[in-house]
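Structure record follows, encoded as structure tokens.
The values are calculated or read from the model by the stated rules, or taken from the named source; none is laboratory data. If you're wondering where the values come from, they're calculated on a predicted model, not measured in any experiment. Because the Cβ atoms are built from the backbone with ideal geometry, glycine has one as well, and the counts that use them run over all protein chains shown. For the accessible areas, the whole protein counts, side chains as well, though only heavy atoms, and no ligand, DNA or RNA atoms are used. Shrake-Rupley method; radii C 1.70, N 1.55, O 1.52, S 1.80 Å.
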Amino acid sequence: MSTARTTELRTDCCADPDGRITFRLRLPTATRPQLLLVLRPKKGRPEETSLTLDLEPCDDRGHVRAVLEPRPVLAEGRWDAYLLRGPDADRERLRPGLRDLRLLVGGDTRGRTSPVTARVPYTTVDGFLALRTWRRAAHAEAGPLDLADGTMTVRARLHGAELSEDAAVELRPRGGGGTGRVYRIRPAGEGAFSFTVHCADLVGETAGPRIWDAFLRPAAEAPPVRIGRLFDDVADRKGVYVYPRVTVGGAAVRPYYTVDNDLAVEVTGTGC
């Protein structure tokens with residue numbers, strides 16, 4: 001693939017909870033234009049996955065439109081958006097216009113089947129249009145998180161799997177080593193549940209920061225399911241949802257969302 005040029009063309013997009021995204025831009029002169037979505041590879045790796053959508057005229061003022069339907073299901077990651085003005089044209093990196101995400105704002109409360117997917121158009125740090133996508137066999141969608149009296153209570157709902165009587169939440173120390181913490185859940189019907197963590201449980205005697213990642217195990221022998229928040233209009237939650245620290249002895253405990261919008265807990269200091 002050739003190196004992309006930068007275009008100042010602004011591309012509007014509109015998203016719905018089913019994962020359908022409509023792209024629209026003004027392009028008066030082009031021959032068989034297309035919208036190209038490219039899955040951003042890991043650092044040092046070549047591009048391997050892309051999807052091309054035809055841009056069709058949609059009015060008499062030179063606007064063209066492409067619709068990304070819920071199927072095919074896109075791989076999880078970040079997809080950069082490009083314009084191809086014709087069959088042999090170089091690709092041009094697109095800039096965002098109006099992003100209509102109103103239908104995503106409240107989150108999707110419907111039950112979802114496997115694979116569980118989500119898509120959010122967003123603006124990259126360097127000012128271009130991209131999609132953040134998730135695809136998981138099952139997912140536990142986190143809702144309200146309450147911090148009070150040295151505890152953290154989380155309400156969530158499981159999608160793509162069923163809760164059993166022995167379902168439990170596990171907080172695992174990142175990087176391996178150490179023992180996870182297991183918590184019983186309180187079922188609330190239709191896959192909804194809650195759990196409470198005593199922050200003192202996560203404080204050890206080892207100096208330096210420690211991260212605990214949150215998982216749900218729907219049944220004793222079932223694979224773990226990541227707990228996170230994917231079903232709204234926030235592509236990068238880490239810097240948006242900022243929770244206060246809970247002080248436990250000499251340690252500070254703070255829940256947060258990772259760069260993948262998964263729930264984790266950071267502990268700094270020790271309880272000594």
Would you mind stating whether residue 264 is over 20 Å from the mean Cα position of the chain (by Cα) and closer than 21 Å to residue 182 by Cα?
no
Residues of segment 17-33 satisfying the condition of being polar (S, T, N, Q) and under 26 Å from the mean Cα position of the chain (by Cα)
22
What number of residues in segment 88-142 are of a type in the set (Phe, Trp, Tyr) and either modelled with pLDDT under 95 or closer than 16 Å to residue 261 by Cα (or both)?
2
Scan segment 178-197 and tell me whether some residue there is surrounded by 16 or more Cβ atoms within 10 Å (Cβ to Cβ) and in contact with a helix residue (DSSP H, G or I) (Cβ under 7 Å, 6 or more places away or on another chain).
yes
Conditions (1) farther than 30 Å from residue 51 by Cβ; (2) within 23 Å of the chain's Cα centre (by Cα); (3) modelled with pLDDT under 95; number of the one not met by residue 165:
(2)
Tally up the residues in segment 133-146 that are touching a residue at least 12 places away in the same chain (Cβ under 8 Å) and surrounded by fewer than 21 Cβ atoms within 10 Å (Cβ to Cβ), please.
5
Just checking, which of 88, 149, 108 is open to solvent by 20 Å² or more (accessible area, probe 1.4 Å) and in contact (Cβ under 8 Å) with a residue 60 or more places away in the chain?
108
Considering only residues that are of a type in the set (Gly, Ala, Ser) and within 16 Å of residue 13 (Cβ to Cβ), look in segment 47-85 and name the one that is surrounded by the most Cβ atoms within 10 Å (Cβ to Cβ).
81
Looking at residue 44, is it under 19 Å from the mean Cα position of the chain (by Cα), at pLDDT below 95 and open to solvent by 30 Å² or more (accessible area, probe 1.4 Å)?
no
Pairs, please: C-beta under 7 Å, at least 6 apart or cross-chain, first residue among the hydroxyl-bearing types (Ser, Thr, Tyr) and in segment 25-45, second open to solvent by less than 50 Å² (accessible area, probe 1.4 Å)?
31/86
